[in-house]
There are 2 protein chains.
Amino acid sequence: MEKKEVLVLKDILGTNKKIAAEIREILQTKGILAINLMSSPGSGKTTLLESLAERFQGRFRMAVIEGDIETERDAERIRAKGIPAWQITTGGACHLEAKMVGKILAEVPADLDFLFIENVGNLVCPASYDLGESLRFVLLSSPEGDDKPKKYPAAFLSSQVLVLTKSDLIPHLPFDIGRARKEALEINPHFEIFEISALTGQGMDALEAFLVFALERLRSGYA
Amino acid sequence: MEKKEVLVLKDILGTNKKIAAEIREILQTKGILAINLMSSPGSGKTTLLESLAERFQGRFRMAVIEGDIETERDAERIRAKGIPAWQITTGGACHLEAKMVGKILAEVPADLDFLFIENVGNLVCPASYDLGESLRFVLLSSPEGDDKPKKYPAAFLSSQVLVLTKSDLIPHLPFDIGRARKEALEINPHFEIFEISALTGQGMDALEAFLVFALERLRSGYA
């Protein structure tokens with residue numbers, strides 16, 4: 001990058017970091033667990049949220065901030081499950097920034113348990129932007145291939161949880177789940193890893209239990 | 001975006017456009033058809049190139065410039081097919097730029113037929129950067145979902161060819177190929193659309209014939 005580009009980027013990231021820290025403070029004080037979901041387009045972020053909406057019904061309160069380049073589609077899918085959802089359309093920008101989340105914060109109900117922030121479908125840019133989340137999830141779907149962690153290291157390095165999605169497709173694919181796990185753990189040895197199929201429900205019990213545990217941990221002050 | 005960001009971006013894009021125009025002029029004068037391949041991570045760009053390498057063997061000369069955030073893996077896969085390949089690792093940047101391609105140009109054999117430029121796996125950023133190609137392909141794999149064209153319109157608007165990949169997986173997916181085609185054509189009515197599976201070979205004859213036609217068209221001066 002040119003020197004001018006680097007300076008502007010530093011500026012943006014510095015400001016973003018400050019806003020993100022404020023958001024995190026506000027949400028954690030309210031006992032809301034905020035989760036930033038990152039992945040390539042079509043890895044199953046919205047489908048995972050639809051599945052969680054059904055599972056949490058009557059037990060936990062969730063809301064979703066949807067980030068997309070264009071369209072209100074993902075927010076509509078979430079609202080169809082009876083879940084509050086706000087759509088941010090970036091109009092071209094390849095990631096969400098903390099200030100976009102900050103603008104919505106006043107509308108977020110104070111008695112929420114989980115606030116999911118679905119980032120723009122992109123395995124590169126979102127990794128550089130803290131949104132004030134307490135946890136960052138990266139999703140990798142089996143059709144994308146087992147070689148992706150080392151090709152897109154920042155997304156895997158900056159997340160605490162790896163969700164391997166679309167496990168139902170593995171029998172039809174040249175996908176070695178052992179290799180995907182191994183590469184991910186080489187980048188990030190502390191990864192919590194889940195293998196799921198939101199369509200068949202496989203692995204969803206474990207992921208749900210982890211979310212409930214993470215919420216309890218936040219509320220007991222050990223986040 | 002902030003005003004400062006917009007100004008820097010305009011600057012970069014202006015410079016990029018000039019370099020791209022020079023690259024295009026040089027390659028077209030030599031009768032080399034340059035194709036910029038864009039898609040999400042894991043949509044099948046490298047697998048498509050491996051398949052073309054096998055098909056073109058002994059008939060057409062191709063070379064590949066590989067763009068990735070990290071690793072030399074894709075270039076190694078291409079070289080294993082006996083095809084010259086140069087790896088550009090952007091070290092974090094989410095797209096290739098014309099100047100990166102320009103640096104390699106002197107090494108590209110003059111008697112080439114096809115020069116493929118495989119962009120960084122990203123359905124957003126690469127759309128803004130002309131690399132001096134004669135044709136731009138966007139790939140969309142069936143597992144990514146039929147709703148992607150309108151969610152990532154720039155990639156579809158700026159390409160001339162849409163390759164729907166991994167058609168062999170469609171029976172296992174909630175993927176409506178009619179919807180994917182319809183959305184893509186609403187954004188870009190002039191799309192050439194191909195449905196392929198590089199693994200089974202389905203649809204590859206038509207795509208290969210189109211590439212040969214496009215090469216002939218370039219050399220006859222009607223590009």
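The values are calculated or read from the model by the stated rules, or taken from the named source; none is laboratory data. All values derive from a computational prediction rather than experimental measurement. A quick note on method: Cβ atoms are made from the backbone with ideal geometry, for glycine too, and the neighbour counts reach across all protein chains shown. Quick note on the areas: whole protein, heavy atoms, side chains included, nothing else; ligands and nucleic acids left out. Shrake-Rupley method; radii C 1.70, N 1.55, O 1.52, S 1.80 Å.
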Total formal charge among the other residues, if their Cβ is under 9 angstrom from that of B:Thr46, Lys/Arg +1 and Asp/Glu -1: -1
Contact order relative to length of region B:144-194, as percent, for alpha carbon pairs under 8 angstrom and 6 or more apart: 57 percent
Cα-centre dipole for chain B with unit charges at Cβ (Lys and Arg positive, Asp and Glu negative), debye to 20: 400 debye
Length-normalised contact order of chain B in % [C-alpha pairs under 8 Å, at least 6 apart]: 24 percent
Chains A and B together, accessible area buried on both sides, 1.4 angstrom probe, square angstrom: 3200 Å²
Chain A, accessible area per residue, ligands and nucleic acids excluded (1.4 Å, Å²): 41 Å²
Region A:1-109, relative contact order in percent, only Cα pairs under 8 angstrom and at least six apart counted: 25 percent
Distances in nm from B:Gln57 to the matching label points in the other copies, shortest first (labels 7 Å along Cα to Cβ): 5.5
Per-peptide average of other Cβ atoms within 10 Å, ordering A:132-145, A:97-110, B:68-81 highest first: A:132-145, B:68-81, A:97-110
Those GluC sites (Glu not before Pro) in region B:145-202 that DSSP places in a loop and that have at most 10 other beta carbons within 10 Å: none
Largest-first ellipsoid semi-axes for region B:96-219, taking √(5λ) over the Cα gyration tensor eigenvalues, angstrom: 26, 18, 13
Teacher prompt: B:Gly82 distances to equivalent labels in other copies, 7 Å Cα→Cβ, nm: 6.3
Cross-link pairs A:Lys150/B:Lys81; A:Lys148/B:Lys45; B:Lys18/B:Lys148; A:Lys148/B:Lys3; B:Lys10/B:Lys166; A:Lys3/B:Lys10 - those with Cα-Cα distance over 25 Å: B:Lys18/B:Lys148; A:Lys148/B:Lys3; B:Lys10/B:Lys166
Average beta carbon contacts from partner chains per residue of B:208-219, 10 Å cutoff: 0
Accessible-area composition of region B:13-78, carbon plus sulfur, in percent [1.4 Å probe]: 49 percent
Extent along principal axes [Cα atoms of the protein assembly as shown; Å; largest to smallest]: 70, 48, 42
Shielding score for A:120-132, defined as the mean number of other chain Cβ atoms within 10 Å: 4
Selection from B:Thr200, B:Thr90, B:Ser159, by position along the positive dipole direction of region B:72-208 (Cβ): B:Thr90
Cα-Cα pairs of chain B separated by more than 30 Å (percent): 20 percent
Test item: A:141-154 mean partner chain Cβ contacts at 10 Å: 6
Region B:46-105: equivalent-ellipsoid semi-axes (sqrt of 5 x gyration tensor eigenvalues, Cα, Å): 22, 13, 9
Given B:Lys4/B:Lys30; A:Lys103/B:Lys151; B:Lys30/B:Lys151; A:Lys17/B:Lys103, the pairs whose alpha carbons are separated by over 28 Å: B:Lys4/B:Lys30; B:Lys30/B:Lys151; A:Lys17/B:Lys103
Tensor-based shape of region A:1-75 (alpha-carbon gyration tensor, a/c under 1.5 rounded, otherwise prolate or oblate): oblate
Per-copy distances of the B:Leu185 label point, shortest first, in nm (7 angstrom along Cα→Cβ): 4.9
Loop sites in region B:1-69: trypsin sites (Lys or Arg not before Pro), DSSP, at most 16 other Cβ within 10 Å: B:Lys30, B:Arg59, B:Arg61
Interface residues, region A:2-30 - accessible area loss of 20 Å² or more versus chain alone, probe 1.4 Å: A:Glu2, A:Lys4, A:Glu5, A:Val8, A:Asp11, A:Ile12
Cα Rg, Dmax (largest Cα-Cα span) when computed across region B:118-158, Å: 10.4, 30
Rounded Å value of the spacing that divides the Cα centres of region A:62-141 and region B:92-134: 32 Å
